[in-house]
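A.B. asks: Dropping the structure in here first, questions after.
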Amino acid sequence: MSMTSVALLLMAGTVGYALLLFVLFRFQRRLLFLFRGRTMPVIDRRLLPTAEAGTIETSDGERLVAWTVAPRGNAPVLVYLPGALDNLSQSRRQARFAALTEQGFGLLAIDYRGYGASTGTPSEQGFRRDARAAHAEAMRRFGRERLVLYGESMGTVLATY
């Protein structure tokens, strides 16, 4: 292999790598926040017969879709912070909610900004505000001592934050 061939190969590799970095930078929001349509989530009443749909307002004025289920007795209330793949309507998620609430747990679950029918555009700072708003609403409705933060995937990061 001649020096010219090696130089051309190195240049092509460098240009390809720079192009890859540009594409990753340009589309990082779409890669991180996997948008799943902007439709109102629908409660499956066979799974969650007592769930109530409502909204929560965040500190920056966005409105989040929220579902709540009252606890039985003195059971804890789970503040559910979902992952980034789907909205509340997703059947796997509703089946998880049903399994938890059938045990008596209360539930407050949200769709982040930009997901489902929640307003706004997804962002890291926005999701932190969404988690704080969900926590504040759960404290207002159920009291601090009963709350358990429950995160799934990306929601785990927010729950520990």
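A.B. asks: What are the ³J(HN,Hα) couplings of the stretch 65-71, residue after residue, when phi is run through the Karplus curve with 6.51, -1.76, 1.60 and θ = phi - 60°? Round to Hz, x for glycine and proline.
C.D. replies: Those phi angles translate into 6, 9, 10, 10, 10, 5, x Hz.
A.B. asks: Can you compute the modelled spin-label distance between Glu102 and Met3, with each label point 7 Å from Cα toward Cβ, in nm?
C.D. replies: Placing both labels 7 Å beyond Cα along the Cβ direction yields 7.4 nm.
A.B. asks: Label point 7 Å out from Val23 along Cα-to-Cβ: which residues of the stretch 79-105 have amide N under 20 Å?
C.D. replies: What the label zone holds, given the 20 Å backbone N cut-off, is no residue at all.
A.B. asks: Given the peptides 67-78, 6-17, arrange them by the average over their residues of other C-beta atoms within 10 Å, most packed first. Walk me through the intermediate numbers first.
C.D. replies: Working: 67-78: 16.7, 6-17: 10.2.
Taking the mean over residues of other Cβ atoms within 10 Å, the ranking is 67-78, 6-17.
A.B. asks: Here's a follow-up. Just from its helices, what would the mean residue ellipticity at 222 nm be for the chain, if runs of 4 or more DSSP H residues each count -39500 (n - 2.57) and the sum is divided by every residue, rounded to the nearest 500 deg cm²/dmol? Kindly include the intermediate steps, with their values, before the conclusion.
C.D. replies: Values: 5 runs with 67 residues, N = 161.
Taking each H run of at least 4 residues, the total per residue is -13500 deg cm²/dmol.
A.B. asks: Here's something else I'd like to know. Multiply the residue gap between Thr39 and Ala95 by 0.36 nm, knock off their C-alpha separation, and tell me the result in nm, one decimal place.
C.D. replies: Numbers: separation 56, 0.36 × 56 = 20.16 nm, distance 1.94 nm.
So the extension gain works out to 18.2 nm.
A.B. asks: Counting only protein heavy atoms and a 1.4 Å probe, tell me what percentage of the stretch 35-102's accessible area is made up of carbon and sulfur.
C.D. replies: Working: 1820 of 3450 Å².
Looking at the stretch 35-102 in its full context, I get 53 percent from C and S.
A.B. asks: Would you mind checking which residues have amide H under 5 Å from Val77's amide H? H placed 1.01 Å from N; only 5 or more apart, or other chain.
C.D. replies: HN-HN under 5 Å from Val77: Gly106, Leu147, Val148.
A.B. asks: Picking from Pro76, Val42, Gly16, whose Cα lies most toward the positive end of the charge dipole for the chain (charges on Cβ: Lys, Arg +1; Asp, Glu -1)?
C.D. replies: Val42
A.B. asks: Now for a separate question. Whole-Å semi-axes of the stretch 55-161's equivalent ellipsoid, largest first, each the root of 5 times a Cα gyration tensor eigenvalue? Please list the in-between numbers first.
C.D. replies: Values: eigenvalues 85, 47, 28 Å².
For the stretch 55-161, the ellipsoid semi-axes come out as 21, 15, 12 Å.
A.B. asks: Output the DSSP H helices from the chain with an along-axis C-alpha extent of no less than 20 Å and a mean Kyte-Doolittle hydropathy no less than -0.5. Don't skip to the answer; put the middle values down first.
C.D. replies: Values: long enough: 3-26 (34 Å, 1.88); 124-142 (27 Å, -1.24).
Helix filter hits for the chain: 3-26.
A.B. asks: How many Å² of accessible area per residue for the chain, probe 1.4 Å?
C.D. replies: On the way: 9410 Å² over 161 residues.
Value returned for the chain: 58 Å² of accessible area per residue.
A.B. asks: Would you mind calculating the relative contact order of the chain from Cα pairs under 8 angstrom and at least 6 residues apart, reporting the percent as a whole number?
C.D. replies: Numbers: 259 pairs, mean separation 42.8, N = 161.
Normalised by residue count, the contact order of the chain is 27 percent.
A.B. asks: So what is the diffusion coefficient of the stretch 80-137 in µm² per second by Stokes-Einstein at 20 °C and 1.002 mPa s, using a Kirkwood Rh over Cα pairs? Walk me through the numbers before you get to the answer.
C.D. replies: Working: Rh = 12.1 Å.
Approximately 177 µm²/s, per Stokes-Einstein.
The values are calculated or read from the model by the stated rules, or taken from the named source; none is laboratory data. The shown structure was predicted, so the numbers you read here are calculated from the model rather than taken from an experiment. Cβ coordinates were reconstructed from backbone atoms using ideal geometry, including for glycine residues, and neighbour counts include every protein chain displayed. Please note that ligands, DNA and RNA were not included when accessible areas were found on the heavy atoms of the full protein model with its side chains. Shrake-Rupley method; radii C 1.70, N 1.55, O 1.52, S 1.80 Å.
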